[in-house]
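Remarks on the structure that follows.
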Amino acid sequence: MIDSALWYVTRDLPVFPLHSIQDGVCDCGHADCGAPAKHPMTEHGLLDASTDADRILEWWTRWPNANIGLVTGKPSGVIAIDIDPAKGGVTTWADAHAGQEMPATRESQTGGGGRHILYRHPLNGTVIKTGTNVLGPGVDVRGDGGYIVVPPSIHLSGHRYVWHDIDGETATAPLPPWLLARLTAGPASGPVIDVGA
């Protein structure tokens, strides 16, 4: 995991450690954990995210099995469309982009069978809010003030998050104009913890 965390740092993507799975449960030790293997290990969570290699080495030396959280929004320059099949996200996303421009972009499969589709944040003063069900049931947005769990982190299911293109080197495409318009059309709000698939 430490090598993977450093891989993100070399690409100027700020990351931070998340709790992981041990013996089928979240290693935070709380039986009623609401976000197993998805919540921060550091005191300030996503605000602690860093691209400093020494800090990354310190964290993952202390917590070698920690999952990896990637901050979304302006700090990383990316936003994520979070599709959760269990909540109807596949149909919602298909309906949302029917007949629209869909550029190839970086994408991962979550450990729970969902998808994280990444696009570049416009970074021109535009705010892309983090919210749940932003495009409809099962399609959340992780933008400013949010984060996602990234490969090769391990989901509660025991499955790893994986890049669709194996090495994760596919370029992150700009937000298509139609999607940018949808994401800036009205208020969106929700928890910043990636609780999707």
Which of the residues spanning segment 42-56 are open to solvent by 40 Å² or more (accessible area, probe 1.4 Å) and in contact (Cβ under 8 Å) with a residue 24 or more places away in the chain?
Thr51, Asp52, Ala53
Answer yes if at least one residue in segment 11-22 is more than 23 Å from Leu118 (Cα to Cα) and either of a type in the set (Lys, Arg) or open to solvent by 70 Å² or more (accessible area, probe 1.4 Å) (or both), and no otherwise.
yes
Residues of segment 65-93 classified as small (Gly, Ala, Ser) and under 12 Å from the mean Cα position of the chain (by Cα), total
4
Quick one: which strands (runs of 3 or more DSSP E) sit completely within segment 74-138 and have at least 2 residues that are open to solvent by 10 Å² or more (accessible area, probe 1.4 Å) and in contact with a His (Cβ under 7 Å, 6 or more places away or on another chain)?
107-109
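Yes/no matrix, rows are residues, columns are (1) farther than 15 Å from His19 by Cα; (2) part of a loop (DSSP other than H, G, I, E, B); (3) without any contact (Cβ under 8 Å) to a residue 40 or more places away in the chain; (4) in contact with a Gly (Cβ under 9 Å, 6 or more places away or on another chain):
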{"site": "Ile148", "(1), (2), (3), (4)": "no, no, no, yes"}
{"site": "Pro152", "(1), (2), (3), (4)": "no, yes, no, no"}
{"site": "Gly158", "(1), (2), (3), (4)": "no, yes, no, yes"}
{"site": "Asp165", "(1), (2), (3), (4)": "yes, yes, no, no"}
{"site": "Ala171", "(1), (2), (3), (4)": "yes, yes, no, no"}
{"site": "Trp178", "(1), (2), (3), (4)": "yes, no, no, no"}
{"site": "Ala181", "(1), (2), (3), (4)": "yes, no, yes, no"}
Among what's in segment 151-197 and is β-branched (Val, Ile, Thr) and under 24 Å from Ala96 (Cα atoms), pick the residue that is modelled with the lowest pLDDT.
Val192
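The values are calculated or read from the model by the stated rules, or taken from the named source; none is laboratory data. Fair warning: this is a prediction, and the values are worked out from it, not measured in the lab. Quick reminder, even Gly has a Cβ in these numbers, built from the backbone with ideal geometry, and neighbours come from all protein chains shown. The protein model used for the area step is the full one, side chains on, heavy atoms only, and it has no ligands, DNA or RNA in it. Shrake-Rupley method; radii C 1.70, N 1.55, O 1.52, S 1.80 Å.
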